[in-house]
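Novice: For reference, the structure I am asking about is given below.
The values are calculated or read from the model by the stated rules, or taken from the named source; none is laboratory data. Keep in mind the model is a prediction, meaning the values are calculated, not measured. Cβ sites come from the backbone with ideal geometry, for glycine too, and all protein chains shown count toward neighbours. Ligands, DNA and RNA are excluded from the accessible area calculation, which covers all protein heavy atoms including side chains. Shrake-Rupley method; radii C 1.70, N 1.55, O 1.52, S 1.80 Å.
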Amino acid sequence: MTVLNVSKPDGFLYIVADSHLDEDLAPAKEFVEMLLQLQNPHTVVFLGDLFKIWLAPQKFWTEMHYETMEGFAQLRDRGCNVVFLAGNREMLLPRKLTDKWKKIIPFTHLAHSEWFLNWGDKRYAFTHGDTINYNDKQYLRWKAFTHNSIFEAFFRTIPGVLARWIAGRIEAMLVNTNKEYKVHFPATEIQEFAKSALQNVDQYFVGHFHLDQEVMVEGSSGVLRIVPDWLSQRKVIKLNPAGEMEVLRFENGKLNTD
């Protein structure tokens, strides 16, 4: 379990999810403009699926990747915690954020499942959310295959151009398969997850589902918050030091209260 303790927050907490950056629907330029407009950022948490497909080693990067990483680096260099939780479209990320990797990807914290934040007197938890629907067996098998050590070792050895082509084919498969589960929000599975996850936290933030929604559990004061996606909604969640929340929207080059 990875936990960051911030006993006396002196800035804002921002949460962003599912940007699926590409050159058309979600250009990196807009995303970086949003990052640089964040007011007094203490901690920024990104909940995964940053690009349509991202192969993390630098030999696979394009200009879009460099531009986006520079945006995160500017936040980090301002003293902001930059937290990244891996989603289903990230591949070849390190299991641990070693000194070598810190020179490549500008994150201060990296997690592959859950991450926790003690924010003043509040306790928050975060995850991408792609494994919550335990009934989507096809997807879970696909993820286990593409994120095992043998598959990753193969990818690291092949030329960048070929790897990007294969990654593109994988992305196309993600779009065109398992549509039954993509159009159906797994309300039962989400409710079961919330009942367990909210026992020891005030709020649990989940990405992946491209919705803007709160889930309550009877008998619990906690809230499971599905974070709206950047891809289609251009939204960002902002919490002040007391844990009070507002939703921001990036529109016409400006980040304003929704």
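Novice: Being outside any loop (DSSP other than H, G, I, E, B) and of a type outside the set (A, V, I, L, M, F, W, C) is the filter here, so list the residues in the stretch 30-64 that pass it.
Specialist: Residues satisfying the conditions are E30, E33, Q37, P41, H42, T43, Q58, K59, E63.
Novice: How many residues does the stretch 80-94 contain that are in a loop (DSSP other than H, G, I, E, B) and of a type in the set (A, V, I, L, M)?
Specialist: Going through the stretch 80-94 one residue at a time, the tally reaches 3.
Novice: Okay, next question. Taking the criterion of being open to solvent by 10 Å² or more (accessible area, probe 1.4 Å), part of a helix (DSSP H, G or I) and either free of Cβ contacts under 8 Å to residues at least 24 places away in the same chain or touching a Phe, Trp or Tyr at 6+ places or on another chain (Cβ under 9 Å) (or both), would at least one residue in the stretch 9-29 satisfy it?
Specialist: No, every residue in the stretch 9-29 fails to be open to solvent by 10 Å² or more (accessible area, probe 1.4 Å), part of a helix (DSSP H, G or I) and either free of Cβ contacts under 8 Å to residues at least 24 places away in the same chain or touching a Phe, Trp or Tyr at 6+ places or on another chain (Cβ under 9 Å) (or both).
Novice: Might you let me know whether the stretch 50-65 holds any residue that is more than 17 Å from the chain's Cα centre (by Cα) and acidic (D, E)?
Specialist: yes
Novice: If F72 passes every condition in (1) of a type outside the set (A, V, I, L, M); (2) touching a strand residue (DSSP E or B) at 6+ places or on another chain (Cβ under 6 Å); (3) not in a helix (DSSP H, G or I) but one, which one does it miss?
Specialist: Failing condition for F72: (3).
Novice: Can you spot a residue in the stretch 95-109 that is touching a residue at least 40 places away in the same chain (Cβ under 8 Å), open to solvent by 10 Å² or more (accessible area, probe 1.4 Å) and in a loop (DSSP other than H, G, I, E, B)?
Specialist: The answer is yes, given that some residue of the stretch 95-109 is touching a residue at least 40 places away in the same chain (Cβ under 8 Å), open to solvent by 10 Å² or more (accessible area, probe 1.4 Å) and in a loop (DSSP other than H, G, I, E, B).
Novice: Then there is this: So which residues in the stretch 64-94 are open to solvent by 10 Å² or more (accessible area, probe 1.4 Å) and at positive phi, if there are any at all?
Specialist: Scanning the stretch 64-94 gives a single hit, G79.
Novice: Six or more apart or on different chains, Cβ atoms under 6 Å: show the pairs whose first residue is in the stretch 127-148 and within 23 Å of V83 (Cα to Cα) and whose second is open to solvent by less than 40 Å² (accessible area, probe 1.4 Å) and assigned to a helix (DSSP H, G or I).
Specialist: That search, which allows pairs on different chains as well, returns I132/E189.
Novice: Inspect all residues belonging to the stretch 229-238 and state whether any of them is among the acidic types (D, E), closer than 26 Å to K29 by Cβ and not in a strand (DSSP E or B).
Specialist: yes
Novice: When the stretch 116-142 is examined, which residues are found to be among the polar types (S, T, N, Q), surrounded by fewer than 18 Cβ atoms within 10 Å (Cβ to Cβ) and in a loop (DSSP other than H, G, I, E, B)?
Specialist: Once the filter is applied, which keeps residues that are among the polar types (S, T, N, Q), surrounded by fewer than 18 Cβ atoms within 10 Å (Cβ to Cβ) and in a loop (DSSP other than H, G, I, E, B), the stretch 116-142 yields T131, N135.
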